[in-house]
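What follows draws every value from the coordinates through simple rules; no lab data is involved. These numbers were taken from a predicted model, which means no experiment stands behind them. We place every Cβ from the backbone using ideal geometry, glycine too, and count neighbours over all the protein chains shown.
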Amino acid sequence: MFSKAFIVGILLTSFSSLQAKSNCGQEGIWLQVLGSGGPELDDGRASSGYVIRQDGKARILVDMGAGSLFRFEQSGASVNDLDVILLSHLHVDHSNDMPALIKASFFSGRRRDLPLYGPTGNELMPSATMFVQALFGPAGAYKYLNSYLDGSDSYKLVAHDVIADGKAADVVLTNSKYKITAVPVHHGPIPALAWRVEIGGKTLVFSGDMNNDNDTLSTLAKQADLLVAHHAIPQEATATARNLHMPPSVIGQIASMANVKQLVLSHRMNRTLGHEQTTSRLIRNTYAGRLHYADDMQCFQP
């Protein structure tokens, strides 16, 4: 039999872990990795998700794969502080927690509209606006939350489509606080975007999933303070995996060409975990800047 003190200790420890707070600083710009994994369920990681913090507040959410909203909660972030959502593409491991976010906002007291930007669609994927309608529209899977689209609730989720074919960059939002730019990237047959966020005098770039056939990321990431690059495949990957993702040598070449100050490798899948030494060697052939391997809940200061 376990003692009462032992059981209470376990419960308190579990509660404490659920309430873990962000280790990001309370001043300036920080990147927090919510989910550093991919779609696997045996890697011990949440799927892709990131939040940009400014002076302690979570302002920009980039992707929200499965588990990333739990990490958002653990970090102490607030839905009310979010100014914008950016989706790189609509694969499940980048967008799955969208319904959880909208439902959770009911309990947050949010009173201002929430803009969302994502890619246009094709025969395989809906556009960002169609995705939101498919979830929350009058005939959607979660149509009971339609009040967040039709303007009858305390705030409105406002979706925008961003062109995801071709190679032209698109400034989707610019104001006194942010400049946000998207560029199409090649992720096999899936419409996908990379994002550049200029905030508080810093520039952060997110590759999303891509194989670099478009050759657009190095220009988007030019002189960035921090580049989050998705490291989903090893160097020797071929076939479908290589058509969807870029190997370490390509990541290094992009980071070097763009002259980024820090490189954060995320979307780390089982096929790349444990091979960090080889990955680092391949990247160091061309890139000499600061290199990090992301884990869930980690914070990086640009």
Taking the alpha-carbon centre of each part, the distance from segment 249-302 to segment 71-100 in Å is 23 Å
Of the residues S105, G56, I190, the Cα lying farthest along the dipole of the chain towards its positive end, which is defined by charges on the beta carbon of Lys, Arg, Asp and Glu, belongs to G56
Given pairs K156/K261; K177/K222; K156/K179; K167/K261; K103/K179 and cut-off 26 Å on Cα-Cα distance, the over-length ones are K156/K261; K103/K179
Along the dipole axis of the chain (charges at Cβ: +1 for Lys and Arg, -1 for Asp and Glu; origin at the Cα centre), the most positive-end residue among H231, M130, Y142 is H231
Taking R0 as 30 Å and r as the Cβ-Cβ distance between T219 and S176, the FRET efficiency 1/(1 + (r/R0)^6), rounded to the nearest 0.05, comes to 0.75
Taking chymotrypsin sites (Phe, Trp or Tyr not before Pro) in a DSSP loop with at most 10 other Cβ atoms within 10 angstrom as exposed, one finds the longest site-free stretch of the chain at 108-302
Per the 1/(1 + (r/R0)^6) rule, R0 = 41 Å and r from the Cβ atoms of A134 and R111, FRET efficiency to 0.05 is 0.95
Length gained, N270-L124, 0.36 nm per residue minus C-alpha separation, equals 49.9 nm
To the nearest 20 debye, segment 21-300 has a Cα-centred charge dipole, built from +1 on Lys and Arg Cβ and -1 on Asp and Glu Cβ, of 660 debye
Note on segment 52-164: alpha-carbon gyration tensor, axes a ≥ b ≥ c; rule is a/c under 1.5 for rounded, else prolate if a/b larger than b/c, else oblate; result oblate
Percent antiparallel among DSSP beta bridges confined to the chain, rounded to 5, stands at 60 percent
Once amide hydrogens are built 1.01 Å from N within the peptide plane, the residues lying 5 or more places from H160 or on another chain with amide H under 5 Å from its amide H are L116, Y117, G118
For the pair D153 and K57, the simple spin-label estimate (label points 7 Å beyond Cα toward Cβ) gives in nm 2.1 nm
In deg cm²/dmol, rounded to the nearest 500, the helical mean residue ellipticity at 222 nm of the chain, built from -39500 (n - 2.57) for every DSSP H run of length 4 or more, is -6500 deg cm²/dmol
For segment 160-169, Karplus-derived ³J(HN,Hα) couplings (6.51, -1.76, 1.60; θ = phi - 60°; whole Hz; x for glycine and proline) come out as 9, 8, 10, 4, 10, 10, x, 9, 7, 6
From the Cα centre of segment 204-241 to that of segment 176-191, the distance in Å is 12 Å
In debye to the nearest 20, the charge dipole size for segment 226-300, taken about the Cα centre with +1 at each Lys and Arg Cβ and -1 at each Asp and Glu Cβ, equals 180 debye
